[in-house]
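Since the structure comes first, as C-alpha cells, the remarks are kept for the end.
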Amino acid sequence: MAGLYIHIPFCVSKCFYCDFVSYGGKLALAKEYLKAVKKEASFYDTLRPRTVYIGGGTPSFLPAEEMEFLLKFINEKYGGGFKEFTFECNPESVNEEKLALLKNYGVNRISLGLQSFNDGELKLIGRAHRAEDFLKAYEAASKYFDNINVDLMAALPSQTEDSFLTSLKKLITLKPKHISLYGLQIEEGTPLYEQGYSYEENFYVRLLELGYKELADNGFKQYEISNYAREGFESIHNTNYWFNGEYLGLGASASGYLNGVRYQNLCGIEEYIKSVNEGRRPVLSEEKLKGKAKIGEEILLRFRYLKGFKPCAQMLKYFGGEFEILKREGLIEAEGELLKLSRRGKYLANEVFRRFVEPF
C-alpha cells in the first residue's frame, strides 16, 4: 500500500526544539510553492496512494484559499477516497472555516500539536499557542472529526513529573483517539541546544514510563515507540513507513521511497520552486541500499513497531552479534522467536537504532 506525504514548510515562528525544515516569515511564497508541489506530482504519474499525510511546518497556517488549492489538487490527481487522510494543525492557526474545508475535501484524521498544557512550559519551547488556544481548537475540531491525534512532549524545560502527568491526564479526559508522546530530543543547531539545555536520562525515562502506565490504564495501546491509540485507531500511513512500504514525498525537504530508492528533496523553499519550475525533480540526494545496509534499515524500522519480528537468516548473518549484545544490555528481548525492544529499550531506542546504521 503506497502513501503520499506532502511537506508544508511554513510556520508562524520556529519552535526552540525544532530541527525540521520549516520557516517563519515566508508565507508570501505559499501560492507559488503549492503550484510547484502540484507540478512535482506530475513527475510521478504511476503512483496511486491509499493514504495521505500533510505535515510540516504548520499546514494549518496556510490561508484557506491556498489550503483549498492543495486539497483540490490532491483529490483531482489521486481520485480521493483515501483510506486515511491526515492533516497537521496547530491551535493558533486552525479555525472552523479551515476545519470545514478539510472535512469537505475528504480529510478524515487531524493531528493537533499540544506539547503541554502548562503555559510556562509552552513559552520556554517557543510555542505560539497557549493551553486555552488548544482547548478551543480541539473543541472545534471535534465537531468535524472523530479521529484526532494530539502530540504531547516529555522532558521539556522546567517540566516536573507532576506537571507532565497533569498535562497527560487533562489530555486523556478529552478522549482523543490517538496520542503521540514524544521525548524531547535536543538537536544541534536549535535554540534549546544553543541555550545549553539538557536533562538527566533517568528523568527522561521516568516520564515516559509514567506516560506509558497512565495511557495503558486508560485504554490506550502503545503500538509504536511514540504512538498510542484506542483500538482500531492506529495510524495507517505511519505504519506503512515502519513496514518499509513505498511512499511518495512532495515538497521542500520531503523524503520518499519508491522502487527501492530513498530520496530527499532540496530543503530551501526558493531552490525547490526553481528546480520544479525548470522541469527538474528537486532531489537533493537518493540512494538504493544493498546488502548489510539494507538489512540494517529493515531491522531498524521493524524494531519501531512494538509487536516484534522474527529475524530472517540475513538479519542473523549480518547482525546476530549485535542482537546478542543488545540483549545483554537489556535494550532488546526475545519473546519466543520474536525480537522486540525491551521496556527500557523503547525509551532509549536511538541507542538501539544506531547499531544498524552505517558506519557499523
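The values are calculated or read from the model by the stated rules, or taken from the named source; none is laboratory data. If you're wondering where the values come from, they're calculated on a predicted model, not measured in any experiment. Note: ideal-geometry Cβ built from the backbone for every residue, glycine included; neighbour counts use all protein chains shown. These accessible areas exclude ligands, DNA and RNA; they are computed on the full protein's heavy atoms, side chains included. Shrake-Rupley method; radii C 1.70, N 1.55, O 1.52, S 1.80 Å.
Numbers below:
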{"quantity": "Residue in region 271-292 that is nearest to Ser253 (Cα to Cα), counting only those that are in contact (Cβ under 8 Å) with a residue 40 or more places away in the chain and of a type in the set (D, E, K, R)", "calculated": "Arg281"}
{"quantity": "Residue tally, condition closer than 24 Å to Asn90 by Cβ and open to solvent by 10 Å² or more (accessible area, probe 1.4 Å), over region 39-61", "calculated": "4"}
{"quantity": "Residues of region 120-132 that turn out to be under 17 Å from Tyr17 (Cβ atoms) and either in a helix (DSSP H, G or I) or open to solvent by 10 Å² or more (accessible area, probe 1.4 Å) (or both), as a count", "calculated": "8"}
{"quantity": "Any hit, region 13-25, residues being modelled with pLDDT of 95 or more and assigned to a loop (DSSP other than H, G, I, E, B)", "calculated": "no"}
{"quantity": "Looking only at region 62-119, and only at residues there that are farther than 26 Å from Leu152 by Cα and aromatic (Phe, Trp, Tyr), the one that is surrounded by the most Cβ atoms within 10 Å (Cβ to Cβ)", "calculated": "Phe82"}
{"quantity": "Qualifying residue in region 183-195 (condition: touching a strand residue (DSSP E or B) at 6+ places or on another chain (Cβ under 6 Å) and within 22 Å of Asn108 (Cβ to Cβ))", "calculated": "no"}
{"quantity": "Filter result (within 19 Å of the chain's Cα centre (by Cα), open to solvent by 10 Å² or more (accessible area, probe 1.4 Å) and under 23 Å from Leu348 (Cα atoms)) within region 133-174", "calculated": "Asp151, Met153"}
{"quantity": "Answer residue from region 12-37, given it is free of Cβ contacts under 8 Å to residues at least 60 places away in the same chain and crowded, with 18+ Cβ neighbours inside 10 Å and is nearest to His129 (Cα to Cα) among those", "calculated": "Ser22"}
{"quantity": "Residue in region 59-67 that is part of a loop (DSSP other than H, G, I, E, B) and at pLDDT 95 or above present", "calculated": "yes"}
{"quantity": "Helices (runs of 4 or more DSSP H) lying entirely in region 164-242 (those with 2 or more residues that are at pLDDT below 95 and closer than 27 Å to Leu301 by Cβ)", "calculated": "201-217, 236-242"}
{"quantity": "Among residues of region 145-163, those that are outside any strand (DSSP E or B) and either modelled with pLDDT under 95 or in contact with a strand residue (DSSP E or B) (Cβ under 8 Å, 6 or more places away or on another chain) (or both), counted", "calculated": "4"}
{"quantity": "The one condition in (1) more than 24 Å from Leu168 (Cα to Cα); (2) open to solvent by 10 Å² or more (accessible area, probe 1.4 Å) that Phe203 fails to fulfil", "calculated": "(1)"}
